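Student: This is the structure I want to talk about, given as structure tokens.
The values are calculated or read from the model by the stated rules, or taken from the named source; none is laboratory data. Note that the structure is predicted; figures quoted are calculated from it, not measured. Glycine also receives a Cβ, built like all others from the backbone with ideal geometry; neighbour counts cover every protein chain displayed. Only protein heavy atoms, including side chains, enter the accessible area calculation; ligands, DNA and RNA are left aside. Shrake-Rupley method; radii C 1.70, N 1.55, O 1.52, S 1.80 Å.
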Amino acid sequence: MMKAGNRKSHAGHSKSSDYHRLQRLWSLAGRQRDGVLRGILYRFAQSISLGFALVAVILVVETTGEGGLITPTDFLLVTLLLALSLAGQLVFGYLASANSWTASFQVSRDLRLSILDRLRALPLGQHMPQHRGDPVTLVTSDIKVVETFLADALPRLAQAFGIPVVAIALLVWVDVGLAMVALVSIVLSAPVFLWSSRRLAALALRRQDLQAEASARMIEYARGIAVIKAFNRIHAGQKSFHKALIDFRDVSVRIVHHLVFPLIAFGVVLTTGVPLPIFVACLRFFDADIDQNTPTVAIVLVFSIYTPLLSLIGVMEISRLADAALVRFDRIMMQTPLPQPCFPSEPRGFALKFDRVQFAYGLGQPVLKQVTFEVPEKSVTAIVGPSGAGKSTLLNLLPRFFDVDDGAILIGGVDVREISAERLNDLITVVFQEVYLFSGTILDNIAIGRMGADEVDIRAAAKAALAHDFIMALPDGYATRVGEGGSRLSGGERQRISIARAILKDAPIVLLDEATAAIDATSEREIQRALSHLVQNKTLVVVAHKLSTIRHAHQIIVLDQGGVVEIGSHETLAEAGGLYQRLWRRRLQSSNWRVTDANLSAAK
Amino acid sequence: MTTQAGESQQVNYLASLQLFAPHLRGSRIKFVAAVMLAVIAVFLELLPIWAAYRLLSDAIVGELEWPEAIKLVSFTAVATASGFVAMGSALALSHIVAFDVIYRLRSALARHMATLPLGLFATRRSADAKRLIVDGPEQLEAVIAHGLPEGISAVASWIAVSLWLFAMDWRMALATIFVTPISLALLAFATARGGRRMAAYQAANARMNAATSEYLAGMPVVKIFNRTGESFKDVSDAVCDYARIETAWGRDYLPMGSTSQTLALANIVFILPIGMILLQAGSLDLGTLLFFVILGATYSQPLLRMFNQLHPIAHISTDAMEIIEFLALTPQADIGKPSSLAHHDVTFERVCFGYEGKEVLRDISFTAKTGEVTALIGPSGSGKSTIASLIPRFHDVQHGRITIGGIDVRDMRLEQLLDTVAFVFQDTFLFSETIAANIRFGRADASDAEVAAAATAARANDFILALPNGYQTVIGASGHRLSGGERQRIAIARAILKDAPVIILDEATAFADPENEALIQDALGALSKGRTLIMVAHRLHTTRFAEQILVVADGSIAECGRHDDLLTRNGRYTRLWNDYIDTGTGMARSSDGGIAS
């Protein structure tokens, strides 16, 4: 689904013209527009300064062309023009770069900040999926491409047009007719340029899609190599890998074939601009319409018209990359942030209520259907059910990682959507299955739990989470730095740090997603004891896998295929003859599992 | 320019050349042709200037003749057009060569990958695989398709133009070129001056990247603890810092860098005064002066082009080095002969193993008998998964030996070894193909009925049939995500279909919730009959009835025996068991007290 969506937005975008892209960038430039504009104008002024040198050339031709001598005044004039030209080029060139660079650095800074800001306003559920790499690339490298476009490509655009404009203006001064002729090839090449740049953009998008698909297959080979080898399927594996490789190469080659012709066409049409005016100049010279200096000047000027325009091909490449980056930028910026209440309400108490809650991820199948249940304050509720029943999703709706599609979730009688985000987060602690530790010290990582907590509080929380002892055994104790993602600690130790964090926060509602992944029994026991300190006197909702948790819950909600099928205590449900009883029986059976022939035949 | 600042200063320009040279075989003629066409193209670009010079000279002395003018103008038209055709063909050819070379390099990487010990891949993540197979080779495109042909043609053009200028008039030639070395020197100064900020720049860049990925990865935690303000401040500080340093770098670089750029385009300013003096002195004609004006105006451009082409080559050197190092890794020795195995007992004889200088396993000896279940248990990091992975030679042992049916695994043909052993991995890897194709991976020629039978045995048939497309459901597509337990059951079906005599389960139920675990255990029961079953597990009730339990601690076997025997010893196993009972299978104790106490 995600894929189809992306493709659609690609297709939609490829239709928009180059003009729209510039317009979008212009609107994004915000406060830096002046700087960007100044950069372009100074670059233009630099081209005009170069024009003074061309005027000097014309002067020399006019004076000496018919055997005349250069007077000291002429010499002085020419030298002055050249000095002016050089000074102008140096000064304006510097100002152009300084403005463009500074502006582009600031634009990219602003773009980065606005994506980062937008990301935190989005429902959390939207960045939990696997594609976390995407926003990181967007913030770092994609924005860099936009920066290069602003800093280099746009000014080069000014230069590509600036010098020809100056040269044509001079040609008008010398002979209007010739100037018109010189314009012919530019006018003719414009549609070719637009056609080829659009074609390049369309093909590049197709190439991106096809190549993304082929590279996914290549990466799969590399990632699956252990399985491929363990199942002795190297030959078959390499065959599909090769097919991916060949597809990749063929797509690329086909695109080159498609591209070469438009590029050659643009170059050829544009550079007819060299022989054509020369030809016309000669023609008129022989008809004695113009003096002999005019063709001379025309020839000199003509050469400075077309070379800069050819550099548009290079600009086209960068602008295509910047375009793709902007598409990805907009993909994030166009997502709707989580709505916040205008007049937040304050919950009365910490009882929870799910009232006919309906939810689906995106446009997919409903994950929760008409879920209704209540959780009294300071009670323990266990959610159980087969995998895929929607247990974790249910938990994620309370802190608004996603919003419900229909129905409501209430805390203390107030819809969670009517509580301010800050207050809601104050009320709820979530202990995630996967623990994320930041790259600071252990102290920092626990201190996140409560603003302004002092070291005494932090140590107390760590002690309650049974983390104090192993922390003290580390080389720097609480000041030990954890690597990014907390890689230097074992899974059990990381869990206990996250529990210490939650204990420090001391929120009245605790949501716990019990880890399904098995870890060794000793660590497991420590975690259990730490958790028991966290959940005392709290409203606890737990997605439970452990028998002890389930048995001690005040109420058990049994979910199946997104709906509540049973509610009750362990004692009543275990005898009720429903899904819970079946699950429970199976659990007991699994505890007694044994590999025997008898077991085997029983299983059949 | 702005993006060039990020590169480290130590680059091996030759790395990328070294990387692709061997894979050029088969495309050499095309490549040489591409380079030659690129050179021809730049020479064709010069011809109109020659024609213009002829026209000018004739016009100035008033001797321009109509037929001559027609000839020169058409010559110009033909030369420019063919110049573009040559350039276009050069680009097309060089791209095709680039894609062919990349194709060959990737094939070589894939072939090489298959020969390496599998243990090497255990630590590689998807991002590494992407860099190695996709991104790294991809960057060669810039070198082969643009860098070399354009760099070489730029040099050729620069040499030709220089020679031509001197042949025309050495004084004017000097006037033309004299500003170029100044421009280059300024560029070098500017780079050096900007370079002083390089360390700070790179640090800011690294900090911004790290802060961004931490900001995003830690978002759930940050939000739930109401710390978005602080965390946003951290990352925005990093972003602003980066912009500040970039700006400072620009301020240092620009005065000389921009002067250098301007001078490179300003030769005309120096050509004209010298020309005037020489003209006045009568030792230069106007035609020649204008020739210098036209050709001299672009004199520095080939050099600038060359420098621009060096940049991507430097850019890819790090990735190229990484690929070269990867290709240099020693393949796993496969010198064994096919041998017939009388039985499938797996025996470890005084096995020692370590990597990166760290001892992981010490003096491991045991035998896992055919038809029996051998369980490896112990705390995380004790080395039990490593023991399991040594059997199919994911790594080779350093001391001692491992035998299957009495034959050293290193003396078996690798293919036979891998046919003998079925390994169910802890992280279930499924290909993004249909479920049927994933199961059939166990045995390519299995019929649909056999695939379904294996799935049934792995207790996967029911949930597969409940999916909208059943066995034809494509993994990872259409938003349907299989749970960890479901994935593991597919992996087990794959192993059942393989029908190998030795089965190794590396925490094959670790990610399953208890409901699924019960189902999976039934499936494993189906697997084990008449085979050697070795399982690594944390949930001790799954291993309780094993014929042999090996308790692994700190890289060696601490205890060994059956569940009941081990409990009576009151050692490590007893402690682990008691912890285990305390943590949640309390039910097991009450319903099964006879065994637990």
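Student: Residue by residue through segment B:244-262, note down the ones that are within 8 Å of chain A (Cβ to nearest Cβ) and within 30 Å of residue B:288 (Cβ to Cβ).
Tutor: B:259, B:261, B:262
Student: Kindly indicate which of B:449, B:455, B:437 is in a helix (DSSP H, G or I) and open to solvent by 60 Å² or more (accessible area, probe 1.4 Å).
Tutor: B:449
Student: Among (1) part of a loop (DSSP other than H, G, I, E, B); (2) more than 27 Å from residue B:485 (Cβ to Cβ), where does residue A:389 come up short?
Tutor: Going through the list (1) part of a loop (DSSP other than H, G, I, E, B); (2) more than 27 Å from residue B:485 (Cβ to Cβ), residue A:389 breaks only (2).
Student: Here's a follow-up. Is it the case, given these coordinates, that residue A:199 is touching a residue at least 60 places away in the same chain (Cβ under 8 Å), among the basic types (Lys, Arg), touching a Gly at 6+ places or on another chain (Cβ under 8 Å) and open to solvent by 40 Å² or more (accessible area, probe 1.4 Å)?
Tutor: The answer is no for residue A:199.
Student: Just the residues that are in a strand (DSSP E or B) and without any contact (Cβ under 8 Å) to a residue 24 or more places away in the chain, please, taken from segment A:360-385.
Tutor: A:374 - this is the single residue of segment A:360-385 that is in a strand (DSSP E or B) and without any contact (Cβ under 8 Å) to a residue 24 or more places away in the chain.
Student: Between a residue in segment B:99-113 that is under 13 Å from residue B:144 (Cα atoms) and within 7 Å of another protein chain (Cβ to nearest Cβ) and any residue that is among the aliphatic types (A, V, I, L, M) and open to solvent by 10 Å² or more (accessible area, probe 1.4 Å), which pairs come within a Cβ distance under 6 Å, given they are 6 or more apart or on different chains?
Tutor: If the second residue must be among the aliphatic types (A, V, I, L, M) and open to solvent by 10 Å² or more (accessible area, probe 1.4 Å), the pairs left are B:99/A:253.
Student: Criterion first (at pLDDT 85 or above, in contact with a helix residue (DSSP H, G or I) (Cβ under 7 Å, 6 or more places away or on another chain) and open to solvent by less than 20 Å² (accessible area, probe 1.4 Å)) does residue A:419 satisfy it?
Tutor: On the way: at pLDDT 85 or above: yes; in contact with a helix residue (DSSP H, G or I) (Cβ under 7 Å, 6 or more places away or on another chain): no; open to solvent by less than 20 Å² (accessible area, probe 1.4 Å): yes.
For residue A:419, the condition - at pLDDT 85 or above, in contact with a helix residue (DSSP H, G or I) (Cβ under 7 Å, 6 or more places away or on another chain) and open to solvent by less than 20 Å² (accessible area, probe 1.4 Å) - is not met.
Student: When the residues of segment A:61-78 are narrowed to those that are in contact with a helix residue (DSSP H, G or I) (Cβ under 6 Å, 6 or more places away or on another chain) and assigned to a helix (DSSP H, G or I), which ends up most open to solvent (accessible area, probe 1.4 Å)? Write out each step before concluding.
Tutor: Our first condition is that a residue be in contact with a helix residue (DSSP H, G or I) (Cβ under 6 Å, 6 or more places away or on another chain); within segment A:61-78, this holds for A:61-65, A:70, A:74, A:78.
In the following step, the residues that additionally are assigned to a helix (DSSP H, G or I) were identified as A:61-64, A:74, A:78.
Working: A:61: 1, A:62: 87, A:63: 42, A:64: 19, A:74: 38, A:78: 5 Å².
Across segment A:61-78, the extreme among qualifying residues is A:62.
Student: Okay, moving on. Are any residues in segment B:419-451 of a type outside the set (Val, Ile, Thr) and within 27 Å of the chain's Cα centre (by Cα), and if so, which ones?
Tutor: B:423, B:425, B:426, B:427, B:429, B:430, B:431, B:432, B:433, B:437, B:438, B:441, listed by residue number.
Student: Here's something else I'd like to know. Taking the condition small (Gly, Ala, Ser) and open to solvent by 40 Å² or more (accessible area, probe 1.4 Å), does residue B:74 pass?
Tutor: Yes; evaluated as a whole, the condition is true for this residue.
Student: Quick check on my filter: what residues within segment A:535-551 are aliphatic (A, V, I, L, M) and surrounded by fewer than 22 Cβ atoms within 10 Å (Cβ to Cβ)?
Tutor: The initial filter retains those residues of segment A:535-551 that are aliphatic (A, V, I, L, M), namely A:535, A:540-544, A:547, A:550.
A:535, A:547 - these are the residues of segment A:535-551 that are aliphatic (A, V, I, L, M) and surrounded by fewer than 22 Cβ atoms within 10 Å (Cβ to Cβ).
Student: Answer yes or no as to whether residue B:183 is outside the structural domain of residue B:105 (by TED's automatic domain parsing), more than 18 Å from residue B:93 (Cα to Cα) and open to solvent by less than 20 Å² (accessible area, probe 1.4 Å).
Tutor: yes
Student: I've got another one for you. Could you figure out which of (1) more than 29 Å from the chain's Cα centre (by Cα); (2) within 9 Å of chain A (Cβ to nearest Cβ); (3) open to solvent by 20 Å² or more (accessible area, probe 1.4 Å); (4) modelled with pLDDT under 85 isn't true of residue B:232?
Tutor: Among (1) more than 29 Å from the chain's Cα centre (by Cα); (2) within 9 Å of chain A (Cβ to nearest Cβ); (3) open to solvent by 20 Å² or more (accessible area, probe 1.4 Å); (4) modelled with pLDDT under 85, residue B:232 violates only (4).
Student: Quick one: count up the residues across segment A:328-369 that are open to solvent by 50 Å² or more (accessible area, probe 1.4 Å), within 20 Å of the chain's Cα centre (by Cα) and of a type in the set (A, V, I, L, M, F, W, C).
Tutor: 1
Student: Here is a follow-up. What number of residues within segment B:314-361 are of a type in the set (Lys, Arg) and not in a strand (DSSP E or B)?
Tutor: Here the count works out to 0.
Student: Among the residues of segment B:95-107, is there at least one that is open to solvent by 10 Å² or more (accessible area, probe 1.4 Å), aromatic (Phe, Trp, Tyr) and touching a Gly at 6+ places or on another chain (Cβ under 9 Å)?
Tutor: Scanning segment B:95-107, I find no residue that is open to solvent by 10 Å² or more (accessible area, probe 1.4 Å), aromatic (Phe, Trp, Tyr) and touching a Gly at 6+ places or on another chain (Cβ under 9 Å), so the answer is no.
Student: Determine whether segment A:154-173 contains at least one residue that is at pLDDT 80 or above, over 24 Å from residue A:40 (Cβ atoms) and more than 9 Å from chain B (Cβ to nearest Cβ).
Tutor: yes
Student: Here is a check on your reading of the model: is residue B:212 under 26 Å from residue A:91 (Cβ atoms), of a type in the set (Val, Ile, Thr), touching a helix residue (DSSP H, G or I) at 6+ places or on another chain (Cβ under 7 Å) and facing chain A (nearest Cβ under 7 Å)?
Tutor: Against the criterion (under 26 Å from residue A:91 (Cβ atoms), of a type in the set (Val, Ile, Thr), touching a helix residue (DSSP H, G or I) at 6+ places or on another chain (Cβ under 7 Å) and facing chain A (nearest Cβ under 7 Å)), residue B:212 does not qualify.
Student: List the number of the failed condition for residue A:64; all other conditions in (1) touching a residue at least 24 places away in the same chain (Cβ under 8 Å); (2) at the interface with chain B (Cβ under 9 Å from one of its Cβ atoms) hold.
Tutor: Going through the list (1) touching a residue at least 24 places away in the same chain (Cβ under 8 Å); (2) at the interface with chain B (Cβ under 9 Å from one of its Cβ atoms), residue A:64 breaks only (1).
Student: Select from segment B:62-105 the residues that are over 26 Å from residue B:43 (Cα atoms) and at pLDDT 90 or above and list them in ascending order.
Tutor: At the first step, the residues of segment B:62-105 found to be over 26 Å from residue B:43 (Cα atoms) are B:62-63, B:65-66, B:99-105.
Once the filter is applied, which keeps residues that are over 26 Å from residue B:43 (Cα atoms) and at pLDDT 90 or above, segment B:62-105 yields B:99, B:100, B:101, B:102, B:103, B:104, B:105.
Student: With the requirement that a residue be polar (S, T, N, Q), surrounded by 21 or more Cβ atoms within 10 Å (Cβ to Cβ) and touching a residue at least 40 places away in the same chain (Cβ under 8 Å), what does segment B:262-289 give you?
Tutor: Result: B:267, single match.
Student: Same structure, new question: For the structure I just gave you, tell me whether residue A:309 is more than 8 Å from chain B (Cβ to nearest Cβ) and either surrounded by fewer than 24 Cβ atoms within 10 Å (Cβ to Cβ) or closer than 28 Å to residue B:145 by Cα (or both). Show your work before the answer.
Tutor: On the way: more than 8 Å from chain B (Cβ to nearest Cβ): yes; either surrounded by fewer than 24 Cβ atoms within 10 Å (Cβ to Cβ) or closer than 28 Å to residue B:145 by Cα (or both): yes.
Answer is yes for this residue.
Student: Hey, does segment B:152-164 have a residue that's surrounded by 20 or more Cβ atoms within 10 Å (Cβ to Cβ) and at pLDDT below 85?
Tutor: Among the residues of segment B:152-164, not one is surrounded by 20 or more Cβ atoms within 10 Å (Cβ to Cβ) and at pLDDT below 85, which makes the answer no.
Student: Quickly run through segment B:522-575 and pick out the residues that are away from chain A (no Cβ under 11 Å), open to solvent by 10 Å² or more (accessible area, probe 1.4 Å) and either part of a strand (DSSP E or B) or touching a residue at least 60 places away in the same chain (Cβ under 8 Å) (or both).
Tutor: B:548, B:554, B:556, B:557, B:558, B:559, B:560, B:561
Student: Being among the charged types (D, E, K, R) and either within 9 Å of chain B (Cβ to nearest Cβ) or farther than 23 Å from residue A:322 by Cα (or both) is the requirement here; does residue A:198 meet it?
Tutor: For residue A:198, the condition - among the charged types (D, E, K, R) and either within 9 Å of chain B (Cβ to nearest Cβ) or farther than 23 Å from residue A:322 by Cα (or both) - is not met.
Student: If a residue has to be open to solvent by 40 Å² or more (accessible area, probe 1.4 Å) and within 12 Å of chain A (Cβ to nearest Cβ) to count, how many in segment B:396-415 make the cut?
Tutor: Residues flagged as open to solvent by 40 Å² or more (accessible area, probe 1.4 Å) and within 12 Å of chain A (Cβ to nearest Cβ) within segment B:396-415 amount to 2.
Student: Looking only at residues in segment B:45-69 that are within 10 Å of chain A (Cβ to nearest Cβ) and open to solvent by 90 Å² or more (accessible area, probe 1.4 Å), which one is farthest from residue A:267 (Cα to Cα)?
Tutor: B:61
Student: Name the one entry in A:79, A:102 that is at the interface with another protein chain (Cβ under 10 Å from one of its Cβ atoms), free of Cβ contacts under 8 Å to residues at least 40 places away in the same chain and among the hydroxyl-bearing types (Ser, Thr, Tyr).
Tutor: Going through A:79, A:102 in turn, the sole match is A:79.
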